[in-house]
Amino acid sequence: MALQDVSFSAPSSGIFALIGRNGAGKTTLVRILATELAPTSGSAWINGIDVVKEDRRLRERIAIVPQEARTISWMTPKQSALTYLMWRGFEYSEAKKRAEESLARLKLDKFADTLNRKLSGGTKRKALAAMVLASEADVIFLDEPTTGLDPISRRDFWEILRELAKDRFIFLTTHYLEEAEQLADTLAVLGGGRLVAVGTVPSIRGRIRYQYSVKLPANSPVPAVVQGEVTTGKNGEVQILTNEDEAFAISKKLSVAGSRFSIGPVSLDDIFFQLVGESTLAEQEAATPGADGGWSA
Amino acid sequence: MRRSYSSQLVAAILVNSVYEMKNYPINLVNTVLSPLSFLVVIDFVSRGALIGQAIEGGLIMSMFQSGMSLQGDISHLKNDFKLQDMLVSSPASPAVYVIGMAASEIIYNLPALAILVVLGGVYIHPGAVQALELTAALVLMFLTSITIGFMFATLSSDIVQSFAWSRLLTTIFTAITPVYYPITYIPFPFRYLAYLSPTTYVAEIMQSVAGSLKLSEGVVITDWAIIGGLAAVLLIVVSRNARWKES
């Protein structure tokens, strides 16, 4: 995916989450910043180091777990972390010490000597995270690290990301908006190869027109809306995006009529939809069934 | 931080041979059996007359197989585990990575090589100069196959395709060509085809050094020149065209 007009700066600490639909250019951007791919034009700096001109110097400071990275089946988590560090140039004894510390920090010590092929999907991802955590890199790129994990494993992995972010900068790409909302200190939204928004979650929330969402089940009578937008999803569910006063008025009408509805501040899904477009919402609904974030009345 | 190249070299050997042999020993049995099975068949069929050629053929096959295995292993680590992507974005040296991977293939084949060297000592009993010549021919064989393997690895994007190429090239260049038997067994019009394979030159050198094939000095010198030149050219081509990362 080609990237155009992608320009941003971010503090070099905490978690930076990049969200976007499939093919939005997330992986391309990560690969450029991680020096895997040379851009045709443009420039980027990480901690003052030029990504293109000083790639060798930058590689001393970065580590990446690519989107489709897998643990090597015939090795154990300890062997994986040990050899990754040796590949980075650590002496055997130092690499062994760091690998053991990293596995213990991620509570993987009991799996340290188990073959990777015998581990669960979530533990394999943790083992990959342990490899980069064990390194000296202060900038870590994780490209969709939780894709395919069940919700419990995903939340488990979030703890690891928070642990990683204590003393380094994490550049995270994700499909899961809830994940970005939970973890990101800074958030960027990529759509069609362009940067649609960047900032903290509250600042991005502040950029959209309507801050409240009222949702009605399919075939419900829809009250008149003075200020706001009414959309109907593929499943027939109606969503009204509006301001606080209007949301209060609508909910009062619905309560009097005895209708079922939910009301709450707009979720990141809603923000993403407003920023990137309807087709993206459909995709996100398919990816995260049942996630709607509001509270029921 | 001071980075150790020797650590990087050892990492490749640990990942691609030591841990694999330790955790999946069946692969080791397969590596040992391939060259030895041909040797046993040829020894039985020739009633012992071609045991020397069969040992030399086993050594050539083992070296050639190492290079072809490099192709499959690099593709596997690159495409299936994304290890190369992780290493591109790290201080790992591309040159040390390739040297380490090549060394790992030799180490993986050490058990087979050790058996063949012992058999060679018993049945061929070469002198010191002959042993050096045989070793030099095998080193050139290894360099040639490793460069062919590396070229295929950089071009291949699918492990199934890589393993298919690996098996195909190993069969063509070591089982069909005159590696386990003298080239004089091939009828003349087809003999020229055999010279399309680099293994033929190495086999001629080794069989000539061991005394099982009578060749003129000119032919042997030509064989050395061709295999040496080919290894050098392939090394240059690979070093110029190998892709460590996309650009």
Taking amide hydrogens as modeled 1.01 Å from N in the peptide plane, which residues meet the under 5 Å criterion relative to A:Ile49, leaving out close sequence neighbours? none
Residues whose modelled amide H sits under 5 Å from the amide H of A:Ala17, counting only those 5 or more places away in sequence or on another chain, are A:Leu172, A:Asp185, A:Thr186, A:Leu187, A:Ala188
If you plug each phi of region A:65-77 into the Karplus form 6.51 cos²θ - 1.76 cosθ + 1.60 with θ = phi - 60°, what whole-Hz ³J(HN,Hα) values come out, in order, with x for Gly and Pro? 10, x, 3, 9, 5, 10, 6, 6, 4, 8, 10, 9, x
Between B:Val41 and B:Ala136, how high is the FRET efficiency from 1/(1 + (r/R0)^6) when r is the Cβ-Cβ distance and R₀ = 45 Å? Nearest 0.05. 0.95
Once amide H atoms are built 1.01 Å from N in the peptide plane, which residues 5 or more positions from A:Ile64, or in another chain, come under 5 Å H to H? A:Phe141
Quantify how much of the Cα-Cα distance distribution of region A:179-277 extends past 19 Å, in percent. 46
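Hey, any idea what Rg/Rh is for region B:1-97, computing Rh the Kirkwood way over Cα pairs? Working shown, then result.
Details: Rg = 18.0 Å, Rh = 15.9 Å.
Dividing the radius of gyration by the Kirkwood radius yields 1.14.
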Any idea how far apart B:Thr184 and B:Ile221 come out in nm if each label point goes 7 Å out from Cα toward Cβ? 2.2
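Rounded to the nearest 500, what is the 222 nm mean residue ellipticity of chain A from helices alone, with -39500 (n - 2.57) per DSSP H run of 4+ residues and division by all residues? Please report the intermediate quantities before stating the final value.
Values: 11 runs with 112 residues, N = 297.
About -11000 deg cm²/dmol.
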With a Förster distance of 60 angstrom and the Cβ-Cβ distance between B:Asp158 and B:Tyr192, calculated FRET efficiency to the nearest 0.05 equals 0.95
Per DSSP H run of n ≥ 4, the term is -39500 (n - 2.57); total these for chain B, divide by its residue number, and report the mean residue ellipticity at 222 nm rounded to 500 deg cm²/dmol. -24000 deg cm²/dmol
Going out from 0 in 10 Å bins, what whole percent of all Cα-Cα distances in region B:119-247 drops into each bin? 12, 37, 32, 15, 3, 0
Any chance you could give the angle, 0 to 90 degrees and rounded to 10, that helix B:159-170 forms with the longest Cα principal axis of chain B? 20
Excluding residues on the same chain fewer than 8 positions from A:Lys53, give the aspartates and glutamates whose Cα lies under 18 Å from its Cα. A:Glu36, B:Glu246
Over 26 Å (Cα to Cα) among A:Lys166/A:Lys215; B:Lys22/B:Lys82; A:Lys126/A:Lys215 -> A:Lys166/A:Lys215; A:Lys126/A:Lys215
Suppose R0 equals 25 Å. What FRET efficiency, 1/(1 + (r/R0)^6) with r the Cβ-Cβ distance, do A:Asn243 and A:Phe8 give to the nearest 0.05? 0.30
Net +/- balance of residues flanking B:Glu133 in space, Cβ distance below 15 Å, scoring K and R +1, D and E -1: -4
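Working out 0.36 nm times the residue gap between A:Thr200 and A:Asp109, then minus their Cα-Cα distance, what length gain in nm do you get to one decimal? Write out the running numbers ahead of the final one.
Values: separation 91, 0.36 × 91 = 32.76 nm, distance 3.53 nm.
Length gained, A:Thr200 through A:Asp109: 29.2 nm.
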Rounded, prolate or oblate (a/c below 1.5 giving rounded, otherwise prolate when a/b exceeds b/c) for region B:114-159 by Cα gyration tensor: oblate
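Taken together, the values in this text are just the output of simple stated rules run on the coordinates, not laboratory data. On a predicted model such as this, the values are computed, not experimentally measured, just so you know. Neighbour counts run over all protein chains shown; Cβ positions are idealised from the backbone, glycine included.
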